[in-house]
């Protein structure tokens, strides 16, 4: 029985189908159209989840292209050829790469969205061309409470040139915003000196931690030991805090740095008043060495009339 090869018409049809899906225009159009759209979404979309949804939708649509026309008589051959042809990767591979790229840029889907304070590559890339944005990122990073993540992010941002003395958009310097003592040490080691009134919170934190080395380093920056944060309604200074809770060594360092015994808090109370409330003899002895007028009657400061 004779074997007949493909007819000339079959060969032409094969070449037409083969050539149609082998065109370089598919990946070119993808990079000229889809990528700019995604770039715009990345920079401008109000919610990063929206970018995720767009990319995922495009991936699903393009992945389904080889099957979309399979039931249409006019496109069945084309669809079948596409399912077999390596050119299908011109659709799928760029979208998969884009989807992976979005994960790298935005972070995991469940962590992305409005108010996201994580240091994602997306935000870092934007910050590279904007020193103020980089300063905002550093302030946000040091204000978080996860020690391992904060130390990683602070080191990463510093290597990218983040200025440890730059003020963030909320008015705080990195030293003001620190939530963890270890991060405070990292910033000081990096040369951080600039601070606002929120540094008063850091003084109280290192006093509570008993970290005299860091306290001395902060005072050496010229921080006013009587500084009170603007949003602190109590008006309690670091020296008053130390006196009330019996931090003898910290109180001595603060007084040596110039803390005033006559400074009054929001309720008009002095260091001595807080010391008497605390009832620590060591604290009272320190105050006595700095002010010989310290009396024994409760509720009065050393300069009370």
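Since every read-out is calculated from the coordinates, none of them should be taken as a lab result. From a predicted model like this one, the values you see are computed outputs, not experimental measurements. Backbone-built Cβ (ideal geometry, glycine too); neighbour counts: all protein chains shown.
Brief remarks follow.
- Simple spin-label estimate for residue 8 and residue 281 in nanometres, 7 Å along Cα-Cβ: 11.8 nm
- Gain in span if fully extended, residue 190 to residue 32, counting 0.36 nm per residue against the direct Cα distance: 52.5 nm
- Principal axis box of the stretch 227-266, alpha-carbon based, largest edge first, Å: 27, 20, 15
- Label separation (residue 260 vs residue 212): 2.7 nm, computed from points 7 Å beyond Cα along the C-beta direction.
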